[in-house]
1. Within the bounds of segment 124-136, is there any residue that is in a helix (DSSP H, G or I) and within 16 Å of the ligand (Cβ to nearest atom)?
2. Report, by residue number, each residue of segment 73-87 that is surrounded by fewer than 20 Cβ atoms within 10 Å (Cβ to Cβ) and either within 16 Å of the ligand (Cβ to nearest atom) or more than 20 Å from the chain's Cα centre (by Cα) (or both).
3. I'm trying to understand the selection: among the residues of segment 92-114, which are over 15 Å from residue 70 (Cα atoms), open to solvent by 60 Å² or more (accessible area, probe 1.4 Å) and part of a helix (DSSP H, G or I)?
4. Please tell me if residue 165 is under 15 Å from residue 131 (Cα atoms) and hydroxyl-bearing (Ser, Thr, Tyr).
5. Residues in segment 186-226 that are within 16 Å of the ligand (Cβ to nearest atom) and without any contact (Cβ under 8 Å) to a residue 40 or more places away in the chain: how many?
6. Would you be able to say whether some residue in segment 176-195 is in a loop (DSSP other than H, G, I, E, B) and under 17 Å from residue 46 (Cα atoms)?
7. Select, from 239, 229, 245, the only residue that is within 16 Å of the ligand (Cβ to nearest atom), crowded, with 17+ Cβ neighbours inside 10 Å, among the aliphatic types (A, V, I, L, M) and under 13 Å from residue 191 (Cα atoms).
8. Please work out which residue is modelled with the lowest pLDDT, limiting yourself to segment 6-24 and to residues that are more than 17 Å from the chain's Cα centre (by Cα), open to solvent by 80 Å² or more (accessible area, probe 1.4 Å) and under 28 Å from residue 233 (Cα atoms).
Amino acid sequence: MESMATKFRQPLIVGNWKMHRTPSEARVLLNNLKEKLLEVIGTAVVVCPPYTVLSVAADILEKTSIQVGAQNMCWEREGAFTGEISPHMLRDLYVTHVILGHSERRVHFHETLEQIRRKVLAALAGGLIPVLCVGETAEERESNQQNVAIDGQLLSALEGIDGETIGDVVIAYEPVWAIGTGKTATPTIAQEMHDHIRRFIRRRFGEEAAQTIHILYGGSMKAANAGELLSQPDIDGGLIGGASLDAAEFAAIVACAVRP
Ligand code: 13P
(Lines give C-alpha, C1' and ligand atoms only; values in the text may rest on other atoms or scores of the structure.)
Protein backbone atom coordinates (compact mmCIF):
# COMPACT_ATOMS: atom_id res chain seq x y z
CA MET A 1 0.00 0.00 0.00
CA GLU A 2 1.34 3.41 -0.94
CA SER A 3 1.34 5.75 2.00
CA MET A 4 0.71 9.47 1.67
CA ALA A 5 4.30 10.20 2.64
CA THR A 6 5.57 8.31 -0.41
CA LYS A 7 4.36 11.14 -2.60
CA PHE A 8 6.64 13.61 -0.85
CA ARG A 9 9.87 11.84 -1.68
CA GLN A 10 11.33 13.91 -4.47
CA PRO A 11 12.64 11.59 -7.21
CA LEU A 12 16.42 11.37 -7.51
CA ILE A 13 18.25 10.40 -10.70
CA VAL A 14 21.98 9.70 -10.43
CA GLY A 15 24.24 9.12 -13.42
CA ASN A 16 27.24 6.86 -12.83
CA TRP A 17 29.65 7.48 -15.69
CA LYS A 18 32.00 4.73 -14.41
CA MET A 19 35.42 4.92 -16.16
CA HIS A 20 34.27 6.92 -19.17
CA ARG A 21 35.15 10.36 -20.59
CA THR A 22 38.31 12.44 -20.37
CA PRO A 23 37.91 16.03 -19.13
CA SER A 24 37.73 17.35 -22.70
CA GLU A 25 35.20 14.71 -23.78
CA ALA A 26 33.22 15.40 -20.63
CA ARG A 27 32.80 19.09 -21.46
CA VAL A 28 30.62 18.20 -24.44
CA LEU A 29 28.42 15.83 -22.45
CA LEU A 30 28.13 18.21 -19.48
CA ASN A 31 27.18 21.17 -21.66
CA ASN A 32 24.55 19.04 -23.42
CA LEU A 33 23.18 17.90 -20.09
CA LYS A 34 23.10 21.44 -18.78
CA GLU A 35 21.12 22.56 -21.81
CA LYS A 36 18.67 19.66 -21.68
CA LEU A 37 18.09 19.70 -17.92
CA LEU A 38 17.85 23.43 -17.42
CA GLU A 39 14.12 23.33 -16.93
CA VAL A 40 13.88 20.34 -14.61
CA ILE A 41 11.84 21.02 -11.51
CA GLY A 42 10.80 18.49 -8.88
CA THR A 43 13.50 15.90 -9.56
CA ALA A 44 17.00 15.98 -8.11
CA VAL A 45 19.76 15.10 -10.58
CA VAL A 46 23.34 14.11 -9.75
CA VAL A 47 26.12 13.21 -12.18
CA CYS A 48 29.08 11.12 -11.01
CA PRO A 49 31.96 11.38 -13.47
CA PRO A 50 35.49 10.05 -12.87
CA TYR A 51 37.64 11.94 -10.32
CA THR A 52 39.57 13.65 -13.13
CA VAL A 53 36.36 15.31 -14.37
CA LEU A 54 34.96 16.49 -11.02
CA SER A 55 36.29 20.03 -11.14
CA VAL A 56 35.26 20.47 -14.78
CA ALA A 57 31.79 19.22 -13.87
CA ALA A 58 31.55 21.56 -10.87
CA ASP A 59 32.52 24.51 -13.10
CA ILE A 60 30.12 23.73 -15.91
CA LEU A 61 27.20 22.83 -13.65
CA GLU A 62 27.67 25.79 -11.31
CA LYS A 63 24.41 27.78 -11.10
CA THR A 64 22.36 24.79 -12.28
CA SER A 65 20.39 22.44 -10.03
CA ILE A 66 22.46 19.45 -11.23
CA GLN A 67 24.72 18.22 -8.45
CA VAL A 68 28.07 16.46 -8.74
CA GLY A 69 28.94 13.14 -7.12
CA ALA A 70 31.99 10.90 -6.95
CA GLN A 71 32.12 7.15 -7.58
CA ASN A 72 34.23 6.16 -4.59
CA MET A 73 36.39 7.58 -1.78
CA CYS A 74 38.65 6.61 1.09
CA TRP A 75 37.44 6.65 4.70
CA GLU A 76 40.42 8.69 5.92
CA ARG A 77 40.70 12.48 5.80
CA GLU A 78 44.35 12.54 4.73
CA GLY A 79 47.54 10.58 5.14
CA ALA A 80 49.74 7.95 3.54
CA PHE A 81 47.10 6.31 1.33
CA THR A 82 48.62 6.36 -2.15
CA GLY A 83 46.07 6.68 -4.89
CA GLU A 84 43.15 7.50 -2.62
CA ILE A 85 40.83 10.52 -2.42
CA SER A 86 39.19 11.69 0.83
CA PRO A 87 35.71 13.03 1.63
CA HIS A 88 37.33 16.32 2.55
CA MET A 89 38.97 16.60 -0.90
CA LEU A 90 35.67 15.83 -2.61
CA ARG A 91 33.81 18.45 -0.60
CA ASP A 92 36.38 21.02 -1.64
CA LEU A 93 35.41 20.31 -5.28
CA TYR A 94 31.73 20.98 -4.52
CA VAL A 95 30.89 17.28 -4.59
CA THR A 96 27.68 16.48 -2.70
CA HIS A 97 27.20 12.71 -3.19
CA VAL A 98 29.42 9.66 -3.32
CA ILE A 99 28.59 6.20 -4.66
CA LEU A 100 29.81 3.55 -2.20
CA GLY A 101 29.89 -0.23 -2.30
CA HIS A 102 29.20 -0.53 -6.01
CA SER A 103 29.32 -4.18 -7.03
CA GLU A 104 32.12 -3.41 -9.51
CA ARG A 105 34.23 -2.23 -6.59
CA ARG A 106 33.26 -5.21 -4.45
CA VAL A 107 34.09 -7.66 -7.26
CA HIS A 108 37.05 -6.14 -9.17
CA PHE A 109 38.74 -4.36 -6.27
CA HIS A 110 37.78 -6.75 -3.46
CA GLU A 111 36.20 -4.03 -1.36
CA THR A 112 35.10 -5.61 1.91
CA LEU A 113 31.98 -5.11 4.00
CA GLU A 114 34.15 -3.50 6.68
CA GLN A 115 35.66 -1.01 4.22
CA ILE A 116 32.23 -0.10 2.88
CA ARG A 117 30.93 0.43 6.43
CA ARG A 118 33.85 2.75 7.21
CA LYS A 119 33.30 4.66 3.97
CA VAL A 120 29.59 5.22 4.69
CA LEU A 121 30.38 6.64 8.13
CA ALA A 122 33.22 8.78 6.76
CA ALA A 123 31.02 10.18 3.99
CA LEU A 124 28.37 11.21 6.52
CA ALA A 125 30.95 12.69 8.87
CA GLY A 126 32.48 14.58 5.94
CA GLY A 127 29.17 16.08 4.83
CA LEU A 128 28.63 13.89 1.76
CA ILE A 129 25.52 11.88 0.92
CA PRO A 130 26.47 8.24 0.49
CA VAL A 131 24.68 6.39 -2.31
CA LEU A 132 25.08 2.92 -0.88
CA CYS A 133 24.79 0.16 -3.49
CA VAL A 134 23.48 -3.28 -2.59
CA GLY A 135 22.55 -6.14 -4.87
CA GLU A 136 22.41 -9.89 -5.18
CA THR A 137 24.18 -12.05 -7.75
CA ALA A 138 22.37 -14.25 -10.27
CA GLU A 139 23.29 -17.34 -8.20
CA GLU A 140 21.83 -15.82 -5.04
CA ARG A 141 18.58 -15.05 -6.83
CA GLU A 142 18.43 -18.49 -8.45
CA SER A 143 18.71 -20.07 -5.02
CA ASN A 144 16.15 -17.63 -3.57
CA GLN A 145 18.78 -16.07 -1.29
CA GLN A 146 18.34 -12.50 -2.56
CA ASN A 147 16.73 -11.14 0.62
CA VAL A 148 19.40 -12.73 2.81
CA ALA A 149 22.12 -11.27 0.61
CA ILE A 150 20.66 -7.76 0.69
CA ASP A 151 20.01 -7.87 4.46
CA GLY A 152 23.61 -8.90 5.07
CA GLN A 153 24.96 -6.03 2.99
CA LEU A 154 22.62 -3.49 4.62
CA LEU A 155 23.25 -4.71 8.17
CA SER A 156 26.96 -4.37 7.74
CA ALA A 157 27.05 -1.07 5.83
CA LEU A 158 24.59 0.69 8.16
CA GLU A 159 26.15 -0.46 11.41
CA GLY A 160 26.88 2.56 13.58
CA ILE A 161 24.26 4.76 11.90
CA ASP A 162 21.42 6.07 14.03
CA GLY A 163 17.90 7.31 13.40
CA GLU A 164 19.17 10.86 12.93
CA THR A 165 21.72 10.19 10.20
CA ILE A 166 19.92 7.47 8.24
CA GLY A 167 17.93 10.25 6.53
CA ASP A 168 21.14 11.38 4.82
CA VAL A 169 21.78 7.97 3.25
CA VAL A 170 20.54 6.97 -0.20
CA ILE A 171 20.28 3.27 -0.97
CA ALA A 172 20.60 1.95 -4.51
CA TYR A 173 19.33 -1.53 -5.26
CA GLU A 174 21.45 -2.82 -8.11
CA PRO A 175 20.98 -6.51 -8.85
CA VAL A 176 24.40 -7.62 -10.09
CA TRP A 177 22.83 -9.66 -12.90
CA ALA A 178 21.17 -6.53 -14.31
CA ILE A 179 24.24 -4.26 -14.42
CA GLY A 180 25.48 -3.57 -17.94
CA THR A 181 23.73 -6.69 -19.20
CA GLY A 182 20.66 -5.13 -20.79
CA LYS A 183 18.69 -7.45 -18.48
CA THR A 184 16.58 -5.10 -16.35
CA ALA A 185 14.74 -6.38 -13.29
CA THR A 186 11.04 -6.39 -14.08
CA PRO A 187 9.13 -3.63 -12.30
CA THR A 188 7.55 -6.34 -10.10
CA ILE A 189 10.89 -7.86 -9.07
CA ALA A 190 12.40 -4.43 -8.43
CA GLN A 191 9.36 -3.24 -6.44
CA GLU A 192 9.42 -6.41 -4.30
CA MET A 193 13.03 -5.78 -3.33
CA HIS A 194 12.52 -2.07 -2.74
CA ASP A 195 9.61 -2.91 -0.45
CA HIS A 196 11.84 -5.43 1.34
CA ILE A 197 14.56 -2.78 1.80
CA ARG A 198 12.06 -0.22 3.10
CA ARG A 199 10.76 -2.77 5.61
CA PHE A 200 14.35 -3.37 6.73
CA ILE A 201 14.80 0.38 7.29
CA ARG A 202 11.47 0.55 9.14
CA ARG A 203 12.43 -2.29 11.52
CA ARG A 204 15.80 -0.82 12.25
CA PHE A 205 15.22 2.93 12.20
CA GLY A 206 11.46 3.48 12.48
CA GLU A 207 8.60 4.69 10.35
CA GLU A 208 9.83 8.19 9.62
CA ALA A 209 13.17 6.92 8.30
CA ALA A 210 11.36 4.34 6.16
CA GLN A 211 9.16 7.02 4.64
CA THR A 212 11.89 9.53 3.90
CA ILE A 213 14.79 7.37 2.73
CA HIS A 214 15.42 7.25 -1.01
CA ILE A 215 15.76 3.81 -2.56
CA LEU A 216 17.00 3.95 -6.16
CA TYR A 217 16.96 1.19 -8.75
CA GLY A 218 20.03 0.55 -10.91
CA GLY A 219 20.71 -2.00 -13.63
CA SER A 220 20.14 -1.40 -17.35
CA MET A 221 17.70 1.44 -16.72
CA LYS A 222 17.03 3.44 -19.86
CA ALA A 223 14.38 5.78 -21.23
CA ALA A 224 12.38 2.85 -22.61
CA ASN A 225 11.92 1.14 -19.23
CA ALA A 226 12.35 4.02 -16.76
CA GLY A 227 8.71 5.11 -16.73
CA GLU A 228 7.40 1.77 -15.56
CA LEU A 229 10.16 1.25 -13.00
CA LEU A 230 9.90 4.77 -11.57
CA SER A 231 6.13 4.54 -11.19
CA GLN A 232 6.49 1.73 -8.64
CA PRO A 233 5.58 2.99 -5.15
CA ASP A 234 8.92 2.15 -3.54
CA ILE A 235 11.25 3.11 -6.40
CA ASP A 236 12.34 6.68 -5.69
CA GLY A 237 14.73 7.16 -8.56
CA GLY A 238 17.47 5.53 -10.57
CA LEU A 239 21.22 4.96 -10.61
CA ILE A 240 22.01 4.98 -14.30
CA GLY A 241 25.19 3.58 -15.85
CA GLY A 242 25.49 3.30 -19.63
CA ALA A 243 22.47 5.46 -20.41
CA SER A 244 23.90 8.38 -18.43
CA LEU A 245 26.61 8.85 -21.09
CA ASP A 246 24.07 10.05 -23.63
CA ALA A 247 22.59 13.44 -22.74
CA ALA A 248 19.31 12.92 -24.62
CA GLU A 249 18.77 9.46 -23.13
CA PHE A 250 19.63 10.63 -19.61
CA ALA A 251 17.34 13.65 -19.94
CA ALA A 252 14.54 11.35 -21.13
CA ILE A 253 15.00 9.21 -17.99
CA VAL A 254 14.88 12.34 -15.83
CA ALA A 255 11.66 13.33 -17.60
CA CYS A 256 10.15 9.93 -16.65
CA ALA A 257 10.89 10.68 -12.98
CA VAL A 258 9.15 14.04 -12.93
CA ARG A 259 5.89 13.66 -11.04
CA PRO A 260 2.93 15.80 -11.99
P1 13P B 1 23.97 0.09 -16.28
O2 13P B 1 22.89 1.13 -16.27
O3 13P B 1 24.99 0.33 -17.37
O4 13P B 1 23.43 -1.30 -16.28
O5 13P B 1 24.79 0.27 -14.93
C6 13P B 1 24.11 0.34 -13.74
C7 13P B 1 25.06 0.72 -12.68
O8 13P B 1 25.93 -0.04 -12.33
C9 13P B 1 24.94 2.06 -12.11
O10 13P B 1 25.73 2.21 -10.98
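The values are calculated or read from the model by the stated rules, or taken from the named source; none is laboratory data. Remember, it's a predicted structure, so these values are computed and weren't measured experimentally. Virtual Cβ from ideal backbone geometry, glycine too; neighbours counted across all protein chains shown. Accessible surface areas use protein heavy atoms only, side chains included; no ligands, DNA or RNA. Shrake-Rupley method; radii C 1.70, N 1.55, O 1.52, S 1.80 Å.
1. no
2. 76, 77, 78, 79, 80, 81, 82, 83, 84
3. 107, 108, 113, 114 - these are the residues of segment 92-114 that are over 15 Å from residue 70 (Cα atoms), open to solvent by 60 Å² or more (accessible area, probe 1.4 Å) and part of a helix (DSSP H, G or I).
4. Spelling it out, residue 165 is indeed under 15 Å from residue 131 (Cα atoms) and hydroxyl-bearing (Ser, Thr, Tyr).
5. Total meeting the criteria: 7.
6. no
7. 229
8. Step by step, filter segment 6-24, then rank; the result is 7.
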